[in-house]
Every structure is written in structure tokens, then in C-alpha cells.
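Peer 1: What follows is a single structure, and I will ask about it in a moment.
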Amino acid sequence: MPELPFAHDALAPAISAQTVEIHYGRHTRTYLDNLNALLPGSKYEGRPLEDIVTEATEAPFLNNAGQLLNHTLYFAALRPAREDNAPTGALLSAIERDFGTFVEFRAAFEKAGATLFGSGWVWLSADDAGRLHITQEPNAANPLQRGLRPLLTFDVWEHAYYLDYQNRRPAHLAALWPLVDWDVVAARFAESVTA
Ligand code: MN
């Protein structure tokens, strides 16, 4: 369980210190502990997390490995808020090619997150041709399971926002853009097009 590279209050007010402590320190930690308890003696022992997520069919492995990977990708692409936070370079070009403008992309991503029924994740991913896709993934699902490479995700489980926004999921999603670490997302995109 790596330490987060920012203070627990560094994402406030969009994500409060209390939410970071509970969401990372307890929810994410529990998925890790659960998976570590399942692995010894199983066919997934020693396997990369991504492989477990794409290959497992048993719910306990699928759910705990999926949630560990999803939360790892989520928290690793957050950083303290920046004004005028936006992607650049090849990633921005791909966003403009596939969604029109960065503003239109954000609106589509927020809408996908807001309209996902129940718990889950909204994702930006790349396919093998480098095209970008927004998908809704329920519960512990990950775009890897449909052959896409995950780039960016917002968590729409209620535990991600309920302490700070209660039922206002769309307001929470809209408040996350200043926190996105586009350097991390761009690095994932670069890796996806060369892999
Ligand atoms: Mn979560």
C-alpha cells in the first residue's frame, strides 16, 4: 500500500481529507487485504494484477483485484488542484479528434459518470488503434476486460463522494477536473500506442 504522493487534505474541497483517509486508507486497503488473503495457493498467486483482472472468472478474485486496480489507477492520476488544468500534445490531439474539443470531452465524460446506474466507474481508454473511448464500467469492472487500455477514471461509487457531496454526484464529477494529473494520463496513453 504505497503512500499517496500528496497530503490527505491536498485534494480539498473536491475530495476532503476525510474522504481520502477512508477511501484510500480503508476501502482500497480492504480490497488489497482481501486479495492478499485469497491469493496463497490459488492459480493467481504471483500473477500481475492486470492479468488477474482480465483472466479471473471467480467473483472474489474479480471483485477484489478489479477494485484494487481501479483504485490504484484512480488515485495515481490525481494531484493537488491546478488552474486551467488540461491535457496537451498527442493526448489533447486524440481527445479533439475523437470528442471534438476538450470541453466536449469533459461534458461527455461527466454525463457517462452521472448516468451510470448504481456503483461503478467512468473511464477514458484507448483501443489498439489509439482511438479513445468513454465507457461506464459497473462495480469492479475495468476496460481491460473489453480489450481497452485504461487511461483515466472517476469513481462513482457513493463512498467516493457522499461525505463531501451527498447525492450530488454530477457536482462532484465536475469538481474533479482541476485534480487530474494529465502527465500520468498522457504517459498511459503514450504507453498504449507503443505497446
Ligand atoms: Mn472507490
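Peer 1: Whether any residue in region 10-27 is open to solvent by 70 Å² or more (accessible area, probe 1.4 Å), out of contact with any Asp or Glu (no Cβ under 6 Å at 6 or more places or on another chain), part of a loop (DSSP other than H, G, I, E, B) and farther than 24 Å from His172 by Cβ is what I want to check.
Peer 2: No.
Peer 1: Still on this structure, please answer the following. For region 18-46, give me each residue that is of a type outside the set (Asp, Glu) and away from the ligand (no atom under 16 Å from the Cβ).
Peer 2: Asn36, Ala37, Leu38, Leu39, Pro40, Gly41, Ser42, Lys43, Tyr44, Gly46
Peer 1: Considering each of Gly41, Gly66, Gly46 in turn, give the residue that is farther than 27 Å from Pro5 by Cα and of a type in the set (Gly, Ala, Ser).
Peer 2: Gly41
Peer 1: For region 83-93, state whether one or more residues are more than 16 Å from the ligand (Cβ to nearest atom), among the charged types (D, E, K, R), open to solvent by 60 Å² or more (accessible area, probe 1.4 Å) and out of contact with any strand residue (DSSP E or B) (no Cβ under 6 Å at 6 or more places or on another chain).
Peer 2: yes
A quick yes/no check of all residues on (1) within 16 Å of the ligand (Cβ to nearest atom); (2) in contact with a strand residue (DSSP E or B) (Cβ under 6 Å, 6 or more places away or on another chain); (3) closer than 16 Å to Pro87 by Cα:
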position	(1), (2), (3)
Phe117	no, no, no
Val122	yes, yes, no
Ala129	no, no, no
Gly147	no, no, no
His159	yes, no, no
Tyr165	yes, no, no
Arg169	yes, no, no
Ala190	no, no, yes
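Peer 1: How many residues are free of Cβ contacts under 8 Å to residues at least 40 places away in the same chain, part of a strand (DSSP E or B) and open to solvent by less than 50 Å² (accessible area, probe 1.4 Å) when one looks only at region 138-161?
Peer 2: Residues in region 138-161 being free of Cβ contacts under 8 Å to residues at least 40 places away in the same chain, part of a strand (DSSP E or B) and open to solvent by less than 50 Å² (accessible area, probe 1.4 Å): 0 in total.
The values are calculated or read from the model by the stated rules, or taken from the named source; none is laboratory data. All figures in this text were calculated on a predicted structure; none of them were measured in a lab. Note that each Cβ is placed from the backbone with ideal geometry, even for glycine, and that neighbours are counted across all protein chains shown. Quick note on the areas: whole protein, heavy atoms, side chains included, nothing else; ligands and nucleic acids left out. Shrake-Rupley method; radii C 1.70, N 1.55, O 1.52, S 1.80 Å.
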